[in-house]
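Read through the structure below, which is laid out as structure tokens, and then see the notes.
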């Protein structure tokens, strides 16, 4: 089912939904929005990302290609090379 088809189906269902169903849908959407807004990163991880972002913005720090990252995973961690 395409996104357009899903939207059309939802619109039809919403037109015939009773108030209790609409309240449940609203609560579900609000809960999903709240969950998406909450970060799974720790404060320490956020701080490190902020530092790296500042270095990047200042033109400092090292950038890696995807190939370099894959090779490091193979070399340091024994992961299998693959595309």
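The values are calculated or read from the model by the stated rules, or taken from the named source; none is laboratory data. Quick caveat, the model's predicted, so the values are computed rather than measured. In this analysis, Cβ positions are derived from the backbone assuming ideal geometry, glycine residues included, and neighbour counts consider all displayed protein chains.
For every residue, the table says whether it meets (1) closer than 30 Å to residue 10 by Cα; (2) loosely packed, with under 10 Cβ neighbours inside 10 Å.
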position: 21; (1), (2): yes, no
position: 25; (1), (2): yes, no
position: 31; (1), (2): yes, no
position: 50; (1), (2): no, no
position: 59; (1), (2): no, yes
position: 63; (1), (2): no, yes
position: 76; (1), (2): no, yes
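So that you can scan it fast, the table gives a plain yes or no per residue for (1) assigned to a helix (DSSP H, G or I); (2) over 18 Å from the mean Cα position of the chain (by Cα); (3) at pLDDT below 90:
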position: 26; (1), (2), (3): yes, yes, yes
position: 32; (1), (2), (3): yes, no, yes
position: 39; (1), (2), (3): no, no, yes
position: 45; (1), (2), (3): yes, no, no
position: 61; (1), (2), (3): no, yes, yes
position: 72; (1), (2), (3): yes, yes, no
